[in-house]
Amino acid sequence: MKKTFYITTAIDYVNAKPHIGHAFEKVLADVLARWHKQKKEQVFFLTGVDENAQKNVLAAKNAGMNVKEFIDKNTEFFKTLVKELNIDCDKFVRTSEIEHAKVVVKFLKKIIDKKDIYKGKYEGFYCTGCEAFITEKELVDGKCPEHNKKPEFRKEEAYFFKLSKYEKKLKKFVKKYIVPESRKKEILSRIESGLNDLCISRKNADWGIDFPGDKNFKVYVWIDALINYISGAEKQWPADVHVVGKGINWFHSVIWPAILMSANYELPKTLLVHGYLNMGGQKMSKSLGNVIDPLEILKKYGTDAVRYSLLRCSVFEDSDFSEEILIERHNNELANKLGNLVSRVAGLIAPLGVPITAECLGKKNGIEKTENKLLKKLNAKKIENHFKEFEVDRALNEIFAFIDICNEYVQQKKPWETKDKKVLYELKESILKIAELLWPFIPNSAEKIQKQFNSKNIKKGEVLFKKI
C-alpha cells in the first residue's frame, strides 16, 4: 500500500475576484502536494470556494445580481486561477453543491445526538467581513482588527455548540497540531482565557444550508465551510495538512477540532498557518487601492514567474510582494542564475554531438556511474528537512545556493577551453537534479529542462527565462 497524503487549502469567499493572497496559499499547498507525489505517495489535494457566506449575498445585492448567478460568475475566476497557476488539485469543492449540504446535515445530526447543541439567545458584536461574532476584548479601538471596521451589534435567538465542554481536550490537541510555534502560542493563550459556547446558526437568512430540524435558521457559515474538508475528501479523511492564513487560525485550530471531537471523527494531523502578503509593509486591501489581481499578473508574466516569486516569500511571517519584486526575482534568479546555467551548459555540450553519460564516456574519462563531485556539494538532506518543517521558502533558497555553486564551477573549470567531458557530465547530471528539485515549485520550466538534458544529444534550445 502506498503512503497517503491529504492536503487542503482554506476555501475562498466569492464575494469578489481572487487576490494575490489566494494565489500564495494555493501555490504553497501545491508545492507540498507535488513534493509528496515525487516521493511516490498517494496524494489527495483539495481546494475550492465558500459559496454560502452572507458576505457573498451582500456583494450580489450591491452588484444588482441574482445571488446564484453572482456566485457562479465569481467562482469561475477562482477556477481559472487554479488552472493558470498550474495547481495540481484532485478536487475543487463548491459548498453550494447538494452533496456538501447532505454531509453538513449528517455531521450536525451527530452533534445533536451527542446533546452538544442547544437553543438560546445571542447578544454581541458581529463582523460581516470575518463572518464571525467577536468579543469586546478582541476589538482594537472599537474595530475588528482583521478588517479595521466597527462590527454591528446583534441580538437574536440561536443554536449554540458546547465549545466550552472541549476546552481541556483542545489544549492537549493544539500543542501538537499547529505550525509554527508562534501561532500555537497565540491559540493556547486564548484558550487559557476560557472558551464560550459557540453560536452556530443564523436566523431568517435566505442563503445557505437549512439547520437540521429547523428551517427558520441556516447553518453558520464557519461550521458549514469547515465540513468541506470531509464532504470533499472522497474517503481520504483525516487530513495530513490544512494550509490556512493566520486570520482564520482560530476557526481551524479550535472550532474545527472541537466539532470533530463531538461528532466522533478522526482529527487532522497538522495545521500550517502562513503569513500575509503586504505591499510596502501595509496589508493589501481594496480600500487602500493596493490589491494585486493574480489573474492579471499571470497574463503579464506567466505561470512559473508568478509561482516562483510567491514561493520566495516567507511561509510563516508576513512578506512584501509587488510586481517590482516579481520582476527582480525573475530577472536576477530565474534568468541570471538558473536560465544562464542551463543555457551555458547546453551550449557547451551541443557542439560535441555525443551523449554525455557515464556509460558512453567510459572509465578512460575517469567517470564512474556513482561519481559526481559537483553533485556531492548539494545538501539534499537539508532540503528534505526544510520540506518536513514546511519551510518551502528555505528549501528553495538551498536549491538556488546549489545553482550558484554550479555557476561558479563552470567559471572555475572553464570547459569551453578544456573541453573536459567529465566536467560537462557533472554539470549535466547536476542540472537534472536541480530540475527534479524545482519541479514542485516551477513545474513547467523543470519539465523543459528535464526534456532537454535527458536527450541523447543535448541541444542549445530556446531561452528558458526571457528577461522582463
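What follows is calculated from the coordinates using simple rules that are stated; it is not laboratory data. Since we're looking at a predicted model, the values are computed, not measured. Every residue, glycine as well, gets a Cβ built from its backbone with ideal geometry; the counts of neighbours run over all protein chains shown.
Structure notes:
- Under the combined filter of DSSP loop state and at most 16 neighbouring Cβ atoms within 10 Å, the stretch 196-302 retains these GluC sites (Glu not before Pro): GLU234, GLU266.
- Spread of Cα-to-Cα distances over 10 Å intervals beginning at zero, given as percent, for the stretch 47-99: 23, 49, 25, 3
- Angle between the chain longest axis and helix 443-453 axis [Cα atoms, degrees, rounded to 10]: 20 degrees
- Degrees, to the nearest 10: 421-438 long Cα axis against longest axis of the chain: 10 degrees
- Net dipole in debye of the chain [+1 Lys, Arg Cβ; -1 Asp, Glu Cβ; about Cα centre; nearest 20]: 1280 debye
- Given the choices (i) 21, 54, 24, 1; (ii) 22, 50, 22, 6, 0; (iii) 20, 47, 27, 6, 0, P(r) over Cα pairs in 20 Å bins from 0, in percent derived from the coordinates of this structure is entry (ii).
- Coordinate range of the alpha-carbon atoms in the stretch 101-214 per principal axis, descending: 41, 34, 23 Å.
- Direction-averaged projected area, Cα convex hull, the stretch 228-296: 6.5 nm², rounded to one decimal.
- Eligible lysines near LYS143 by straight Cα distance, threshold 17 Å, same-chain separation 8 or greater: LYS283
- The stretch 146-196 pair-distance distribution - Cα-Cα, 10 Å bins, rounded %: 19, 36, 33, 12
- Given charges at Cβ of Lys, Arg, Asp, Glu: the chain dipole, positive-most of ASN196, ILE112, LEU139: ILE112
- Measure of compaction for the stretch 4-274 (Cα Rg per 2.2 N^0.38 Å): 0.97
- Computed E for LYS143/GLU408 - FRET, C-beta separation, R0 51 angstrom, nearest 0.05: 0.45
- Extension gain (nm, one decimal) between ASN397 and LYS3, 0.36 nm per residue minus Cα-Cα: 139.1 nm
- For GLN42 and LYS119, the difference between the fully extended length at 0.36 nm per residue and the C-alpha to C-alpha distance is 23.4 nm.
- Think of the stretch 323-453 as a dipole: +1 on every Lys or Arg Cβ, -1 on every Asp or Glu Cβ, centred on the Cα centre; then among ILE327, SER430, ASN385, SER430 lies furthest on the positive end.
- Once the C-beta distance of LEU58 and ARG190 is scaled by a Förster radius of 25 Å, the resulting FRET efficiency is 0.30 to the nearest 0.05.
- Estimated FRET transfer efficiency when R0 is 30 angstrom, pair GLU156-ILE98 (beta carbons, to 0.05): 0.60
- Put simply, the convex hull of the Cα atoms in the stretch 323-453 casts, on average, a shadow of 8.5 nm².
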